[in-house]
Each structure stands twice: as structure tokens, then as C-alpha cells.
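Participant: This structure is in C-alpha cells; I'll ask about it shortly.
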Amino acid sequence: MANTLFARFFDLAAGRAEKRGQAALRRELLAGLTGRVVEVGAGNGLNFRHYPPQVREVVAVEPQPFLRGRAGTAAAREAGDVIRVTDGTAEHVPAADASADAVVVSGVLCSVSDPDAALAEFRRVLRPGGELRFYEHVRADGGYGRRQDLVDRVWPRLNGGCHCNRDTLATLERAGYRVESRRRLVFPATALLSVVAPRVIGRAVPC
Ligand SMILES: C[S@@+](CC[C@H](N)C(=O)[O-])C[C@H]1O[C@@H](n2cnc3c(N)ncnc32)[C@H](O)[C@@H]1O
């Protein structure tokens, strides 16, 4: 999301989804985490208020300058000195090898230009036994998926580089992650025609 205009639109529009139930999905995404977490593509920091108190440190990586500024404000407001917001990308995460108990992504693997490189980088950053938490919109099966394929010919140009038809579970498995839990859902539940409504939330471990 290098596009500042799109970043500003995302910042304005995101609050509505939170009220429609996305806040609860963020709590589900982060439930049970402890220790040191690296959140990649933190956006304007909408996950921050949902980290459990057992998380003692979050390094929140955000490449887009406007959103990074908003995330910095959210971190100061929500989390005292637990969350540090920093520049970086999924392909170059500013964290040492094996330094994180968990890596968190939400709405990010749809946008990175090279998901395999990102997943290799997350593997580098995770300690042995660490986990990847993900909440992503994904390609659906059947006709719905074919429609997503069609729409994706223009979608990234209008949506900050986001692809609406990525099969993220398959990408995780191909990249050598074992998906330990997954829950498919439609969000918002009433948005049956939206190309970004089919989603998956879960956890995976490098193997
Ligand atoms: C749809 S927003 C989601 C933001 C936030 N994770 C959330 O759940 O609200 C996508 C985010 O991914 C970030 N992003 C895009 N490409 C990225 C990359 N290569 N590395 C890290 N973050 C990236 C964007 O800057 C943006 O903040």
C-alpha cells in the first residue's frame, strides 16, 4: 500500500468494519499469545488494543508512512510502551533471527508482492516452536473463486496492491508451514458478493 490516497481511505473506512464484528475477529486472532510478537503490516494499529496482557512486547512493522504514523498514535494510546512501531516490510522484517514467539499478519499476505519471500522471512524471525497467526481474505472455491480471478485483473490497481484471489492456505503449506488451526468465514456475514468476504483465520507453524 505505497499509495497514500488508498492508505488514507483505508484509515477512514476501517472503523466501520470494526463495529460490524471485525474487532471480535482480531481478538480471536490474538487470543493466547504471550511473550514477544512481531506484527507485520500493522496498518493504523487496529490490532493493538486486542493483544492479551501476557504479550510483553510487540514490534509492529508498517512500510506505509501515513499508516505508520497512525499506528504510532494508536500504540501510545492503547499500549503504553509495550508496542514499538517501526518501518520495514514483510520481505525484510527488522528483527533478529529466532527472536519472536509469534508473527501476526491480518490483511497483509493479500498485498505483499512476494508471499513466499515473506513467509521465509517470518520463519527466520520465529523462534523454534514459534507460530504464525493469520487473518486474511482468500480465494473461494468454484464460481465465486473464478469471479475473484476475473475481478483481480483490476482489483490491485484500485486497492493498494491487494489481490482478492490468493489461496493463502495453499501458499502457507507450499512454504513449509503446518496449518494447525483454520476457520473459514465470510466477513461481513451479509456481504455475500464481496470479493474480499471469504476469509480464513488461524495459526501455522514452520515445519
Ligand atoms: C489492508 S491493510 C491491513 C492493516 C492491518 N494489518 C489491519 O489488520 O488492519 C494492509 C497492510 O499491509 C501493508 N503492506 C503492504 N505490503 C506490505 C509489505 N510488503 N510488507 C509489509 N506490509 C505491507 C500495508 O501498508 C497495510 O498497512
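The values are calculated or read from the model by the stated rules, or taken from the named source; none is laboratory data. Treat the numbers as computed from the prediction; the structure is a model and nothing was measured. As a convention, Cβ positions derive from the backbone with ideal geometry for all residues, glycine included, and neighbour counts pool all protein chains shown.
Participant: Could you grab me the full set of residues in segment 132-190 that are among the basic types (Lys, Arg) and touching a Cys at 6+ places or on another chain (Cβ under 6 Å)? Lay out the reasoning, then the answer.
Facilitator: Taking segment 132-190 as the starting set, the residues that turn out to be among the basic types (Lys, Arg) are 133, 139, 146-147, 153, 157, 166, 174, 178, 182-184.
Arg166, Arg178, listed by residue number.
Participant: Would you kindly identify the helices (runs of 4 or more DSSP H) lying entirely within segment 127-207 that contain at least 3 residues that are among the charged types (D, E, K, R) and over 19 Å from Glu39 (Cβ atoms)?
Facilitator: Working: elements: 142-151, 155-158, 168-174.
Output list reads 142-151.
Participant: What pairs can you find where one residue is in segment 10-26 and touching a residue at least 12 places away in the same chain (Cβ under 8 Å), the other is of a type in the set (Lys, Arg), and their Cβ atoms are less than 6 Å apart, with a gap of 6+ or different chains?
Facilitator: Cβ pairs passing all conditions: Asp11/Arg70.
Participant: Would segment 177-188 turn up any residue that is in contact with a Phe, Trp or Tyr (Cβ under 7 Å, 6 or more places away or on another chain) and within 19 Å of Ala13 (Cβ to Cβ)? Lay out the reasoning, then the answer.
Facilitator: Pass one, segment 177-188, residues in contact with a Phe, Trp or Tyr (Cβ under 7 Å, 6 or more places away or on another chain): none.
Within segment 177-188, not a single residue is in contact with a Phe, Trp or Tyr (Cβ under 7 Å, 6 or more places away or on another chain) and within 19 Å of Ala13 (Cβ to Cβ).
Participant: If Gly32 meets every condition in (1) within 23 Å of Pro128 (Cβ to Cβ); (2) within 13 Å of the ligand (Cβ to nearest atom) apart from one, which number is that one?
Facilitator: Of (1) within 23 Å of Pro128 (Cβ to Cβ); (2) within 13 Å of the ligand (Cβ to nearest atom), only one is false for Gly32: (2).
Participant: In addition: Evaluate the following for Arg70: is it under 22 Å from Asp11 (Cβ atoms), of a type in the set (Lys, Arg) and touching a helix residue (DSSP H, G or I) at 6+ places or on another chain (Cβ under 7 Å)? Full working, then the answer.
Facilitator: Working: under 22 Å from Asp11 (Cβ atoms): yes; of a type in the set (Lys, Arg): yes; touching a helix residue (DSSP H, G or I) at 6+ places or on another chain (Cβ under 7 Å): yes.
Here the answer is yes, as Arg70 does meet what is asked.
Participant: Any residue that is in contact with a His (Cβ under 9 Å, 6 or more places away or on another chain) and modelled with pLDDT of 95 or more - is there at least one of those in segment 69-82?
Facilitator: no
Participant: Among the listed residues Glu57, Glu39, which satisfies the condition of being touching a residue at least 12 places away in the same chain (Cβ under 8 Å), more than 11 Å from the ligand (Cβ to nearest atom) and not hydroxyl-bearing (Ser, Thr, Tyr)? Lay out the reasoning, then the answer.
Facilitator: Details: Glu39 fails: more than 11 Å from the ligand (Cβ to nearest atom).
Every option except Glu57 fails the conditions.
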